[in-house]
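Okay, structure first, notes after.
Bear in mind that the values in this text are calculations on the coordinates, not laboratory data. The structure displayed is predicted, hence computed values, not measured ones. With ideal geometry, Cβ positions are generated from the backbone for all residues, glycine too; neighbour counts draw on all protein chains shown.
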Amino acid sequence: MATNQEEASIFNDKFKNVFVKNLSESLTNEDLRNYFGEYGTITSVLVMRDAEGKSKCFGFVNFENAEDAANCVHNLNGRKIDGKEWYVDKARNKSESRGRCGTNLFMKNLDDSIDDEKLREMFSGYGTITSCKVMRDSHGHSKGFGFVAFASTDEASRALAEMKGKMVLGKPLYVSLAQRKEQRSAWLQAQFSGLRNAVGVAPPVPGQVVPADSLNVKKINGKEWYVEKARNMSESRGPCGTNLYLKNLDDSIDDEKLREMFFRYGTITSCKVMRDSHGHSKGFGFVAFASPDEASRALTQMKGIMVFNKPLYVALAQPKDERRACLQAHFSRLGSAPPVFERRAWLQGHG
């Protein structure tokens, strides 16, 4: 709910353009005009839509005079219409909107069963929610994170304090203030500056080149950074023998667990469990080390080890052309043709 100070500012701002969000998808321009028309003469009304004509669930209403606009905001903000609690306020430009920071919360580690309505229920006790969204992929599956925006910073602050770390469906909820791109950049700059004494590197400034090896293998925010020259494909293949291929992985093994399994053998530059379009493990993955010696040691120690009652297959990962060359050499020694899935490539190489 708006504070007395916020309500007073509504009538002092002298605005005519009103912003409304959290509309139902079926609501039209005419519907919006009918709801707002009782408060005064409307000069224009618009429900915003995407390229396909689907409602974005927010819109704008312009009044002929400022007093009617303020009265409308005072009476309609927070009203529940079509099962949706409307957020109605003065339409603000970008610079004004940035001045109202601290009302939008970001949360992650959400259970897959949590949708927009359940997320709203979780936070509704802390104040007026102006928007609520669980982010989803192109298949409609939850990405495990979302946003909840409140009408005031006090409400958002209270929700953050109460919900941060709370166990929800067996998972600890991560909650923080959502940051815009420029805010994140400033935060990262501050974080980098804070590391100056720890890593001996000054924060970057425009035009400055920071030596890559000065940050390589530094642990920052719990993550060990691998920083090196960006290489093209031919450079990336040498030094060879640093990338391991593993298969027969249990479905419960993710990138972090895979990293934990191999980190003792050296500096891991990348680590990935391959997944299908639904996010399910394909049962294989890759771990790349900073040197061939580290990769060789990991291969020797981990090859065939039992992990979750399954023998782990570990081998040096090979680019496609190298694999093909190996298969050709192997079957040439045997005096036989390669199997069907490689026959076409083999024949092309021997035509």
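Volume per residue for segment 58-176 equals 129 cubic angstrom (convex hull of Cα atoms).
Its Cα gyration tensor gives segment 4-93 an equivalent ellipsoid; the semi-axes, largest first and in whole Å, are 21, 14, 12. Remark on segment 233-317: ratio of C-alpha radius of gyration to 2.2 N^0.38 Å is 1.05. Modelled spin labels at Phe308 and Asp255, positioned 7 Å past Cα toward Cβ, are 1.8 nm from each other. Ranked by the mean number of other Cβ atoms within 10 Å per residue, highest first, peptides 41-49, 303-311 order as 41-49, 303-311.
Summarising the label geometry, the points placed 7 Å from Cα in the beta-carbon direction at Asp293 and Ile81 lie 7.1 nm from one another.
Between Lys14 and Glu67, the contour length at 0.36 nm per residue exceeds the alpha carbon distance by 18.4 nm.
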